[in-house]
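Below you'll find the structure, written out as structure tokens, and then a few comments.
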Amino acid sequence: MTPKLKINSFHYDNVIKKVSDSFDAQPLFVFRFNLSRENEYITGGGGVSGKTLRIATESGNTETLSLEDIEDIEYIQYVGCAAIEYSLEGKRFELCRSDMKNAVSLQNTVKRLKAIQSGRNIGRFSTDEDETACPNCGTPYRSGSRVCPNCANRKKLFVKALPIAKPFMGKIILSLVMFFMVTGLSIFAPFVTRELIDGYLKVKDGTPGTTTGFFLVIAAMVAVTLLSTVISAVRQILLVRVGNKMTVSLREKVYRKVQEMSLSGISKRTAGEIITRITHDTDVVRDFLMSVLPDILRIGLTFMGGCIAMFILNWKLTLLILLPIPLVVMIFYFIRNFMQSIYTRQWHAESSVNTLLHDVFSGIRVVKVFGTEKYESMRFDKAAKKVADISKKNERTWNTIMPFAFFLLGIGEYAVLLFVGVRIINGQMTLGDLTLFMSYVSLLYGPIRQAAFLPRQFARGMTSLAKIFDLLDEEPEITDDSEAVNKEFVGNIRLNKVNFGYNNYEDILKNISVDINKGEMVGLVGRSGVGKSTLINLVMRLYDVTDGSITIDGVDIRKYEQHCLRSQVGVVLQETYLFRGTIYSNIAYALPGCTPEDVIRASKLASAHQFIMKLPDGYNTIVGERGQTLSGGEKQRIAIARAILRNPKILILDEATASLDTKTEKQIQDALNKLIAGRTTIAIAHRLSTLRNATKLVVLEKGEIEEVGTHDQLIANGKRYFKLVMAQRQMSKMKKN
């Protein structure tokens, strides 16, 4: 069931507006589809308000249904397309259909419709949430991006880019003044050359020019050239300095934005993609603002100055020289979008290479363990070859178009030779006039030739601008309240009817209510995927709850400053991340400004001091990226030392001993017991025996609380916790045997 026809442009706005306007109230959400039941491409949209579902197409067909009457609604995937189907009065119907590019939108639409049917308040949704491709041109979005470089509003991007250059505007204006001076000198120089030829090198009426005058003209030419060279050099140095400062400023701005972004916003993008935006794209934008835009101005002013000078000298010849230019300009105009699209593809390919490199080097240990060096080399070769192929194709396209454009410009030069040469032979013009006009031809055509490279540079600049502002314009989901609280915690935590889903229409946690008093240790128990780690992410406010509330000492955590909250919460994770640097710096990372004595004290409490001192350089030992030079137990002890140094009121342990052997686990558990003492603790543990001494255990199943009690109480109940413990004991016996 593959589509019969493909179109490249989908215009949904009118259909969506039609659906939205048909409701009495603002719709909860709208969605799009692009196939008819006959698999013909169409433009269609739908929306839901209250319990009313309505769809419409560009041809004017509409269909209205009540969600209360619909018995069942499902997402169905076919070969090459997907559909939403529903049951009504025992019969099966198809609501709408779309190609696979929009399949995600249909999947999420079904989940939302089911949530509304069940009576849940799902809030309102943006039309763009489920888009996987640009609705205007059909170009697929890149990972983590909702910007289409082909359709980005260039005027808006340009206006957004101006504030980047604002702090350096004084020096930029100074460079423009210098440029005007150089342009004026370049327009004046041909007159000096003509004077040299006609006044001193050519004999007039049998009388040669004077030697003194000749040397004066030569001196004038040298002075003009020297002055132009000095001004250009000073201007270039100024631009380099401003450009470097602008790059640093822009990179800091982008990096700060990444740090401010919510975890959900960062996770939508690959690490390689973010690195590319901070490094490569900022360089491209710098070049765009400091080179491309000034070049456009320089080329335009030089061209205008040359035209004015030539019109004053000979307007007929000027028109002859300008004759090929409209043709060249038309070529540039018609290829501008094409050039932007092909260089956007090249950017994506280069970004993919960066992502691949980041993944491989981050997981180099896995590569070595599985002996997949050749496979990874093949993957890189394939990605690098793709970049090379795209680049080769782009350059081949560019170098096919440009020689033709330059040939058209060459016609103008030959026209000048023909026009002036005939008049020199007839005694109507001089050799100096020919030199003057040929100089001005170069002055006119030089900028045009340089302008030939602007579409490519402009396309690269606009693409990188779109990528950077896609990131800079993203609003963080986690923000501080205008009246945020900053105070020291006591350590009492309450989760009150908490619901949460990474998508608002699909909850992972449902109606979670737990009280944790100061100094208590609560263990979270359940199978993988039931929401244990999600729950502690909510306590740390890496995400906000969908419904309900989480309070610390009676204050909703959304009312605390984020720094206040996280500075009083310590975390020990299963996967300990150590930065490349010394052991000392990794421990001290938890408390900037701490003393060496503080670090050593924390290390001793974490049972880490002894193994650290056995290392060649002690606390100054350099650990590799992710701490690859240390064992799992050593890394965990450093993580515990880091948590102790922070001296948190609330402690979170997420599978802190899951990947360790029994002996190492006992050592780590002893260190954890010192850390837990007197602190409110939430723990997730793979080995349930480590939670035996918890104040209470919370057993989760399918995102809901199934049991709450102490270890002994839950064993006595004989329900899910009892089954999990028995299963682990049985597994331990099998391993021993």
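All of the numbers you see were taken from the coordinates with simple rules; none came from a lab. In this text, all values refer to a predicted model and were calculated from it rather than measured experimentally. Here the Cβ positions follow ideal geometry from the backbone for every residue, glycine too, while neighbour counts run over all protein chains shown.
For the cross-link pairs K268/K635; K111/K532; K160/K245; K111/K268, the ones whose C-alpha atoms lie over 25 Å apart are K268/K635. Principal axis extents of the C-alpha atoms in segment 252-369 (largest first, rounded to whole Å): 77, 27, 24.
Taking every Cα-Cα distance in the chain and sorting them into 10 Å bins from zero, the calculated P(r) comes out as 2, 10, 15, 18, 17, 14, 9, 6, 4, 2, 1, 0, 0 percent.
The Cβ shell under 10 Å around E488 holds other residues with a net charge of +1, Lys and Arg each +1, Asp and Glu each -1. Distance between the modelled labels on E561 and Y577, one decimal in nanometres: 2.4 nm (7 Å Cα→Cβ projection). Given their separation in residues at 0.36 nm each and the Cα-Cα distance between them, N496 and S22 gain 166.8 nm when the chain is fully extended.
The Kirkwood hydrodynamic radius of segment 13-130, based on inverse pair distances between different Cα atoms, is 14.2 Å. Sorting the Cα pairs of segment 434-497 by distance into bins of 5 Å, from 0 upward, gives 4, 10, 8, 9, 9, 7, 7, 7, 6, 6, 5, 5, 4, 4, 3, 2, 2, 1, 0 percent per bin. With the simple spin-label model, which puts each label point 7 Å out from Cα in the Cβ direction, the A388 to F93 separation comes to 5.8 nm. For segment 154-472, averaging the sequence separation of C-alpha pairs within contact (under 8 Å, six or more residues apart) and dividing by the residue count gives a relative contact order of 32 percent.
Rg and Dmax of segment 384-542, both derived from C-alpha coordinates alone, stand at 35.4, 108 Å.
Extents of segment 251-313, largest first, come to 66, 18, 15 Å (Cα atoms, principal axes, whole angstrom). Seen from R379, the other residues with C-beta closer than 15 Å to its C-beta sum to a net charge of 0, counting Lys and Arg as +1 and Asp and Glu as -1. Excluding same-chain neighbours fewer than eight residues apart, the lysines reachable from K382 by a Cα-Cα span under 17 Å are K374, K392, K393.
Report relative contact order for segment 13-130 in percent, whole number only (criteria: Cα-Cα under 8 Å, sequence separation at least 6).
Working: 219 pairs, mean separation 26.6, N = 118.
Rounded, it is 23 percent for segment 13-130.
Determine, at each q value in 0.11, 0.12, 0.19 (inverse angstroms), the log₁₀ of I(q)/I(0) that the Debye formula gives when each Cα of segment 473-607 is one equal point scatterer. Log10 of I(q)/I(0), two decimals: -0.51, -0.61, -1.25.
Relative to the longest principal axis of the Cα atoms of the chain, the long axis of helix 720-736 lies at roughly 80 degrees. What the phi angles of segment 260-269 give under the Karplus curve with 6.51, -1.76 and 1.60, with θ = phi - 60°, is a coupling list of 7, 5, 6, 4, 5, x, 5, 5, 6, 10 Hz, glycine and proline written as x. Our Cα-only numbers for segment 330-431 put the radius of gyration and Dmax at 25.6, 87 Å. In this structure, N717 and R687 have a Cβ-Cβ separation that, at R0 = 30 Å, corresponds to a calculated FRET efficiency of about 0.90. Potential lengthening of the chain between Y75 and L605 amounts to 185.3 nm, from the contour at 0.36 nm per residue minus the alpha-carbon distance. Looking at the chain, the DSSP beta bridges with both ends there are about 75 percent antiparallel. Segment 154-472 has equivalent-ellipsoid semi-axes of 50, 23, 17 Å, by the square roots of 5 times the alpha carbon gyration tensor eigenvalues, sorted largest first.
Sequence-ordered 3J(HN,Hα) estimates for segment 687-695 from the Karplus curve with 6.51, -1.76 and 1.60 and θ = phi - 60° stand at 8, 5, 4, 6, 9, 4, 8, 5, 4 Hz, glycine and proline given as x.
Each Cα pair under 8 Å and six or more residues apart adds its separation to the average, and for the chain the resulting relative contact order is 10 percent.
Can you run the Rg to Rh ratio on segment 534-658? Use alpha carbon positions and the Kirkwood inverse-distance Rh.
Numbers: Rg = 15.8 Å, Rh = 15.5 Å.
Taking Rg over the Kirkwood Rh, I get 1.02.
Peptides 300-307, 374-381 ranked from most to least packed give 300-307, 374-381, packing being the mean of other C-beta atoms within 10 angstrom over each peptide's residues. Angle of helix 454-472 to the longest C-alpha principal axis of the chain, folded into 0 to 90 degrees and rounded to 10: 30°.
Which FRET efficiency value, to the nearest 0.05, do you get for V369 and R527 by plugging their Cβ-Cβ distance into 1/(1 + (r/R0)^6) with R0 = 30 Å?
On the way: r = 28 Å, r/R0 = 0.92.
Once rounded, the FRET efficiency stands at 0.65.
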